[in-house]
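The values are calculated or read from the model by the stated rules, or taken from the named source; none is laboratory data. Quick caveat, the model's predicted, so the values are computed rather than measured. Reconstructed Cβ throughout: ideal geometry from the backbone, glycine too, with neighbour counts over all protein chains shown.
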Amino acid sequence: MKLLRRNFTAGGIALITGFSIGRAQAATTYKLASNLPASHPLVIRIQAAADALKKETNGEFSIQIFPSSQLGGDLEVLTQLRSGAIHFFPLAGAQLSTFVPVASLNGVGFAFSSISDVWKAMDGDVGALIRGALGDSGLIAFDRCFDNGFRQVTSSVKPIEKPSDLKGVAIRVPPSPLSTSLFKAFGAAPQSISFGEVYTALQTKLVEAQENPLPVIEVAKFYEVQKFLSMTNHQWDGFWMLSNNAAWQKIPKNVQGIITKEFEQAALAERADIAKLNDDLVAKLKAAGMTFVQPDIAAFRSALSASPFYADWKEKFGAKAWETLERYSGKLGK
């Protein structure tokens, strides 16, 4: 008996003998949006992942990247992701928390003292808890998050050295209840502004201050409109690479595997990029005219503990989530 060899296909794409497009099928392009500039390490590493995907699939699948908030602000793009209009979106937990509150758990003020403590938590139970909550909401978060770094405070009006220096200061924060309440605890006047509008808000003095990690301060050129940079390390946040669950399930399994592998490699490489970049940026930002300030971190922690901040957020996150965080951070609050 003569047997004929067949390639079983899904949507014209061979799953056994490799990648080969049917005559009538065009290459598939997925959309990925980012609020970060194209020069940020995250976007650079994601572009490398997109290039690898295209190469590994012989050009049949590709990812088109839209950096610098080209497709809208954070919450606008999140809406597009949830509707399936775009396929991938790296978004920080602070912004995600408006949709899934526990996504900002890692951003509790002064929870982590070092980046090694961060990765133990985020590659461990804290990350797993957040990814589970996102999954319940219809979003897929890939296992390894990208580093957005510890956040620092910049100001155009005065150095921020102690908690009282923040009293009455109009400071931009991301659209995050946690960030807003943190700075309210210090007596500041936080305002939620989408990232793409921050430079103009600082330039026009709509706000006097902002807070972001060093790489963001540099690539967004905030040094042009801010004078003082206080190394507060007040929060850590990372970018979860997200996909709409329904859209993800339509991607062929073998392509899912390649995307997952490339995104994980991109995240680990970006973490190393950020670590090196942080070491270089202090000198670079000083040369750009910024005055660095070493604040009294103990005073900030003490002021936060004396406020209702930790008790309020323990109640909001719930006992289980808070216990998971304290497993890595140690006791928070009184």
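Numbers at a glance
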| quantity | calculated |
| --- | --- |
| Listing of strands (runs of 3 or more DSSP E) fully contained in the stretch 185-278 that carry 2 or more residues being hydrophobic (A, V, I, L, M, F, W, C) | 228-230, 236-244 |
| Meets criteria (surrounded by fewer than 19 Cβ atoms within 10 Å (Cβ to Cβ) and not charged (D, E, K, R)) for A321 | no |
| Failed criterion for S104 (all others in (1) under 17 Å from S243 (Cα atoms); (2) under 15 Å from the mean Cα position of the chain (by Cα); (3) modelled with pLDDT of 90 or more hold) | (1) |
| Candidates R131, R151 - the one that is basic (K, R), within 19 Å of T232 (Cα to Cα) and out of contact with any helix residue (DSSP H, G or I) (no Cβ under 8 Å at 6 or more places or on another chain) | R151 |
| In the stretch 186-223, residue nearest to L281 (Cα to Cα) [restricted to those that are in contact with a Pro (Cβ under 8 Å, 6 or more places away or on another chain) and touching a residue at least 40 places away in the same chain (Cβ under 8 Å)] | P215 |
| Yes/no for S69 being on the phi < 0 side of the Ramachandran plot, touching a helix residue (DSSP H, G or I) at 6+ places or on another chain (Cβ under 9 Å), outside any helix (DSSP H, G or I) and not charged (D, E, K, R) | no |
| Top-ranked residue of the stretch 124-140 - restricted to ones that are touching a Ser or Thr at 6+ places or on another chain (Cβ under 8 Å) and not in a helix (DSSP H, G or I), ranked as surrounded by the fewest Cβ atoms within 10 Å (Cβ to Cβ) | I140 |
| Subset of the stretch 173-184 (residues that are assigned to a loop (DSSP other than H, G, I, E, B) and buried (at least 23 other Cβ atoms within 10 Å of the Cβ)) | P174, S176 |
| Hits in the stretch 84-123 - residues which are small (G, A, S), assigned to a helix (DSSP H, G or I), farther than 17 Å from T180 by Cβ and in contact (Cβ under 8 Å) with a residue 60 or more places away in the chain | A121 |
| Tally of residues being more than 25 Å from the chain's Cα centre (by Cα) and among the hydroxyl-bearing types (S, T, Y) across the stretch 260-311 | 4 |
| Qualifying positions in the stretch 34-60 - surrounded by 22 or more Cβ atoms within 10 Å (Cβ to Cβ) and outside any helix (DSSP H, G or I) | S34, N35, L36, H40 |
| Residue match in the stretch 13-29 (condition: part of a strand (DSSP E or B) and either at pLDDT 90 or above or within 27 Å of the chain's Cα centre (by Cα) (or both)) | yes |
